[in-house]
1. Criterion first (of a type in the set (S, T, N, Q), outside any helix (DSSP H, G or I) and at pLDDT below 90) does N91 satisfy it?
2. Among the numbered criteria (1) among the charged types (D, E, K, R); (2) over 20 Å from K83 (Cα atoms); (3) at pLDDT 80 or above, which single criterion is violated by K61?
3. Of all residues in the stretch 28-58, which are assigned to a helix (DSSP H, G or I), more than 15 Å from I88 (Cβ to Cβ) and modelled with pLDDT of 85 or more?
Amino acid sequence: MKNQYSFDDAIRNIVQQENKIILKKIEQLFEKLSNFKEDSKIMTFKEVCDYLSCSKSYLYKQTSANQIPHSKRGKRLFFEKAKLTKWILENQVKTDEEISEEVYENFQKS
């Protein structure tokens, strides 16, 4: 009978470990899903002003010049957060270290 109890304990342990692994994977999936929802979020004009820390007039100028990704529905403007984030990062300035590495790599090729 003692062996049976140990076997049951071992099975219970395995099931608990598998449940922990499954729960962790579910949590990771929920995190990815929430990140996806956040990135694909549609933002209003005011939300974008807050997100970019810019004035209304600046944002109007950017949209009227088609310099910022947006959609228009009637007179209302809408923005997709993922596209805004990509737009913000388009003209990223390289660090001195990145420039030095690039120069070094180009020098090595010559």
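The values are calculated or read from the model by the stated rules, or taken from the named source; none is laboratory data. Only a predicted model underlies this, so the values are computations on that prediction, with no experimental measurement involved. In this analysis, Cβ positions are derived from the backbone assuming ideal geometry, glycine residues included, and neighbour counts consider all displayed protein chains.
1. When the stated conditions are applied, N91 passes them.
2. The failed condition is (2).
3. Within the stretch 28-58, F45, K46, K56, S57 qualify.
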